[in-house]
Amino acid sequence: MSRSDKKLIVIVGPTAVGKTDLAFDLAKKLPTEIVSADSRQFYRELEIGTAKPEPFMLEQVKHHFVNSLSITEDYTAGQFERDALAVLADVFKERGVAIMVGGSGLYVQAVCDGMDEMPVIKEGVREKWNANVAENGLSEVRKYVEEHDPEFFQEVDKNNPVRLVRAAEVIESTGKTFSSFRMRQGKSERPFSTIKIGLTADRQQLYDRIDLRMDQMIANGLFEEAEFFFGNRHLQSLQTLGYQEVFGYLEGNYDKTEAVRLLKRNSRRYAKRQLTWFRKDAEVQWFDRLATAEVYKMLRENGLNV
């Protein structure tokens, strides 16, 4: 097959917009396999707070990188780039098309465009910032990143200690902004072409769907799941939306009502950041979440039999 014969359909968009359902339906029709680019779905122990595909979806369509790691394993976008490209190479041996779906923008970018080489971190710098966060919370690392890299600070999840510490350690080790290492001068060559689909929705409709998802997660036992992993809350895999808010409640920082409010508020903020990230990509073709017929029409125009 030539490069143009191999196609990767990339489905992106904010949380709770319906990416998983569209990917599943397309994979059944084509048929093909799915690569998950949702970094929260990698961890097999985390079930309720990660919005993984339903069990019947996992049974009917091969999903790569869902339940692929333990929470004790650290995993980077660079590792995902290498692993996902290897999986896609295998899929393309048998099929002309594959699907990648997820809301983790850096992971999507890693596969489609490649990753910049990150600098070596000076010995002890990461440990220093992690200790600072453990002792003082996020206030000092937020201030440091905001002062030294305001561009990155505008887009980062300000409640995510992993990403804030990563930026701080790069800044301190190199004297350069973290943003400067994320500005690619060109894309890496790939043995496939990409068709990028962005799903969106009216803001209030999206926020209602996010709130409903949170209510469902809570009803399904999110607080109990987070309590089970409370002793592991220092792990990178648990520095994430849905668990951090419950950990704050379990630590006695606020009551359960406030925890629920924070879960919904932070999920809405996360959706906004996802949209901001993906809208910077001019290759994404945007569709309303209910405009499935238009998505299929576009894919047929690109030579796919759906």
Count of the stretch 40-72 residues which are among the charged types (D, E, K, R), in contact with a helix residue (DSSP H, G or I) (Cβ under 9 Å, 6 or more places away or on another chain) and assigned to a loop (DSSP other than H, G, I, E, B):
5
Condition first: at pLDDT 90 or above and among the hydrophobic types (A, V, I, L, M, F, W, C). Now tell me which residues in the stretch 179-196 satisfy that.
192, 195
Qualifying position, being touching a Ser or Thr at 6+ places or on another chain (Cβ under 8 Å) and either touching a residue at least 12 places away in the same chain (Cβ under 8 Å) or closer than 23 Å to residue 65 by Cα (or both), among 104, 179, 173
104
Can you give me the number of residues within the stretch 280-295 that are closer than 17 Å to residue 20 by Cα and assigned to a loop (DSSP other than H, G, I, E, B)?
3
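What residue, of 89, 131, is more than 15 Å from the chain's Cα centre (by Cα), closer than 28 Å to residue 55 by Cα and either assigned by TED's automatic domain parsing to the domain that holds residue 7 or aliphatic (A, V, I, L, M) (or both)? Give the derivation first.
On the way: 131 fails: closer than 28 Å to residue 55 by Cα.
None of the others qualify; the one that does is 89.
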Which number in (1) touching a residue at least 40 places away in the same chain (Cβ under 8 Å); (2) surrounded by fewer than 17 Cβ atoms within 10 Å (Cβ to Cβ) marks the one condition that residue 157 misses?
(2)
Does residue 42 satisfy the criteria of being within 19 Å of residue 115 (Cα to Cα) and surrounded by 21 or more Cβ atoms within 10 Å (Cβ to Cβ)?
no
So in the stretch 214-260, with the set limited to residues that are free of Cβ contacts under 8 Å to residues at least 12 places away in the same chain and assigned to a loop (DSSP other than H, G, I, E, B), which one is surrounded by the fewest Cβ atoms within 10 Å (Cβ to Cβ)?
252
Listed residues 168, 131, 98; which is part of a helix (DSSP H, G or I) and at pLDDT 90 or above?
168
Within the stretch 68-100, take every residue that is in contact with a Leu (Cβ under 8 Å, 6 or more places away or on another chain) and closer than 18 Å to residue 40 by Cβ and give me the one that is surrounded by the fewest Cβ atoms within 10 Å (Cβ to Cβ).
72
Here are 93, 122: which of them is basic (Lys, Arg) and either within 24 Å of residue 174 (Cα to Cα) or touching a residue at least 12 places away in the same chain (Cβ under 8 Å) (or both)?
122
Which residues, taken from the stretch 190-213, are acidic (Asp, Glu) and in a helix (DSSP H, G or I)?
208, 211
Quick check: is even one residue across the stretch 20-39 modelled with pLDDT of 95 or more, aromatic (Phe, Trp, Tyr), buried (at least 20 other Cβ atoms within 10 Å of the Cβ) and part of a loop (DSSP other than H, G, I, E, B)?
no
Determine the pairs where a residue that is of a type in the set (S, T, N, Q), located within the stretch 285-296, has a partner that is outside any helix (DSSP H, G or I) with Cβ atoms under 9 Å apart, the partner being 6 or more residues away or on another chain.
285/195; 285/196; 285/197; 285/198
Sole miss for residue 282 among (1) without any contact (Cβ under 8 Å) to a residue 40 or more places away in the chain; (2) surrounded by 14 or more Cβ atoms within 10 Å (Cβ to Cβ) is condition (2)
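The values are calculated or read from the model by the stated rules, or taken from the named source; none is laboratory data. All of these numbers come straight from a predicted model, not from anything done at the bench. Because the Cβ atoms are built from the backbone with ideal geometry, glycine has one as well, and the counts that use them run over all protein chains shown.
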